[in-house]
Amino acid sequence: MTTIGIFGGTFDPIHFGHLRTAFELLQALRLNEMRFMPAGTPPHRDTTVADAEQRLAMVKAATEGQPGFTVDDREIRREGLSYSVDTMRTLRADFPDHSLCLIVGMDAFLGLPKWHQWRELLELAHLVVAHRPGWRAPSMGPLGELLVDRGTGRINDLHEQRAGCIYIHAVTQLEISSTEVRKLIAMGRDPRYLMPDSVRAIIEQTGCYKSQPKR
């Protein structure tokens with residue numbers, strides 16, 4: 001069975017922290033493909049600083065040339081809020097016979113019960129939780145119960161079933177924050193070595209983070 005990783009985010013901007021996590025999971029989980037999916041209008045935060053086309057261009061530049069990395073612009077093309085469950089429904093319709101693995105960070109996983117129609121996600125895909133140092137998987141409450149019912153330590157389960165499992169995997173954490181990168185650029189400093197040079201070039205050309213609105 002073909003197994004696809006779904007790596008979503010605002011990517012405002014994409015940086016080596018994102019790319020290293022995606023690369024490690026691509027290899028460790030033996031995924032056929034890691035599909036980067038820039039968010040359109042995310043419901044959980046204010047508007048992005050770089051616009052959708054700029055963020056999409058940066059993701060394409062960052063992933064170019066890496067086998068197994070692909071870019072999916074469906075959230076950017078869709079009007080309205082980008083709920084993960086809606087995105088996964090369209091992916092399941094496009095790939096009815098594939099295993100789909102939705103990648104989330106442990107912090108996002110801990111907030112899962114606040115997501116729109118969150119229980120339906122496991123009917124559509126597996127959840128792969130990228131573990132951050134200092135976070136502990138919940139043992140009680142709805143997520144604790146979910147891990148008892150759906151948790152697995154077998155990578156093969158992700159390949160043998162199309163959806164329904166939760167797999168937690170530790171990844172190298174590069175302490176790079178998109179928010180801090182934007183602040184650094186707004187201060188006139190160079191983001192070299194925090195992201196691919198191709199992304200840095202787009203930021204320089206567009207000036208998208210030169211000055212930021214006050215929050």
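The values are calculated or read from the model by the stated rules, or taken from the named source; none is laboratory data. Owing to the predicted nature of the structure, the values given are computational and were not obtained by experimental measurement. Because the Cβ atoms are built from the backbone with ideal geometry, glycine has one as well, and the counts that use them run over all protein chains shown. Please note that ligands, DNA and RNA were not included when accessible areas were found on the heavy atoms of the full protein model with its side chains. Shrake-Rupley method; radii C 1.70, N 1.55, O 1.52, S 1.80 Å.
A single member of L147, L100 is at pLDDT 90 or above and over 21 Å from R35 (Cβ atoms), and it is L147.
On inspection, V129 fails the criterion of being under 23 Å from L158 (Cα atoms), in contact with a Leu (Cβ under 7 Å, 6 or more places away or on another chain) and surrounded by 14 or more Cβ atoms within 10 Å (Cβ to Cβ).
Of the listed requirements (1) under 15 Å from the mean Cα position of the chain (by Cα); (2) in a loop (DSSP other than H, G, I, E, B), V49 misses just one: (1).
Residues satisfying the criterion are absent from segment 104-123 (criterion: in a loop (DSSP other than H, G, I, E, B), free of Cβ contacts under 8 Å to residues at least 12 places away in the same chain and farther than 26 Å from E175 by Cα). Taking the stated definitions as given, is L91 surrounded by 14 or more Cβ atoms within 10 Å (Cβ to Cβ), in a helix (DSSP H, G or I) and modelled with pLDDT of 95 or more? For L91, the condition - surrounded by 14 or more Cβ atoms within 10 Å (Cβ to Cβ), in a helix (DSSP H, G or I) and modelled with pLDDT of 95 or more - is met. Among the residues making up segment 159-180, those that are of a type outside the set (G, A, S), more than 21 Å from L19 (Cβ to Cβ) and open to solvent by less than 70 Å² (accessible area, probe 1.4 Å) are H159, C165, I166. Given the condition in a helix (DSSP H, G or I), out of contact with any strand residue (DSSP E or B) (no Cβ under 7 Å at 6 or more places or on another chain) and charged (D, E, K, R), answer yes or no: does some residue in segment 135-143 qualify? For segment 135-143, residues in a helix (DSSP H, G or I), out of contact with any strand residue (DSSP E or B) (no Cβ under 7 Å at 6 or more places or on another chain) and charged (D, E, K, R): absent. Answer yes or no as to whether P96 is in a loop (DSSP other than H, G, I, E, B) and touching a Gly at 6+ places or on another chain (Cβ under 8 Å). For P96, the condition - in a loop (DSSP other than H, G, I, E, B) and touching a Gly at 6+ places or on another chain (Cβ under 8 Å) - is not met.
Scanning segment 10-41 for residues that are within 15 Å of D73 (Cα to Cα), open to solvent by 10 Å² or more (accessible area, probe 1.4 Å), part of a loop (DSSP other than H, G, I, E, B) and not small (G, A, S) yields one hit, T10. In this structure, F7 does not qualify as under 20 Å from H169 (Cβ atoms) and either open to solvent by 30 Å² or more (accessible area, probe 1.4 Å) or among the basic types (K, R) (or both). Of the residues screened, I6 is not one that is in a loop (DSSP other than H, G, I, E, B) and under 15 Å from the mean Cα position of the chain (by Cα). Output the residues belonging to segment 148-192 that are touching a strand residue (DSSP E or B) at 6+ places or on another chain (Cβ under 7 Å), in a helix (DSSP H, G or I) and without any contact (Cβ under 8 Å) to a residue 24 or more places away in the chain. If the condition is that a residue be touching a strand residue (DSSP E or B) at 6+ places or on another chain (Cβ under 7 Å), in a helix (DSSP H, G or I) and without any contact (Cβ under 8 Å) to a residue 24 or more places away in the chain, then no residue fits.
On inspection, Q66 does not qualify as over 18 Å from S178 (Cα atoms), modelled with pLDDT of 95 or more, part of a helix (DSSP H, G or I) and open to solvent by 40 Å² or more (accessible area, probe 1.4 Å). Applying a threshold of 8 Å to beta carbon distances and a minimum spacing of six or more residues, or different chains, the list of pairs starting in segment 54-70 at a residue that is under 13 Å from D197 (Cα atoms) and ending at one that is outside any helix (DSSP H, G or I) and small (G, A, S) reads M58/A50.
K183 meets all of the listed conditions (1) open to solvent by 20 Å² or more (accessible area, probe 1.4 Å); (2) closer than 26 Å to G5 by Cα; (3) out of contact with any Ser or Thr (no Cβ under 7 Å at 6 or more places or on another chain) but one, namely (2).
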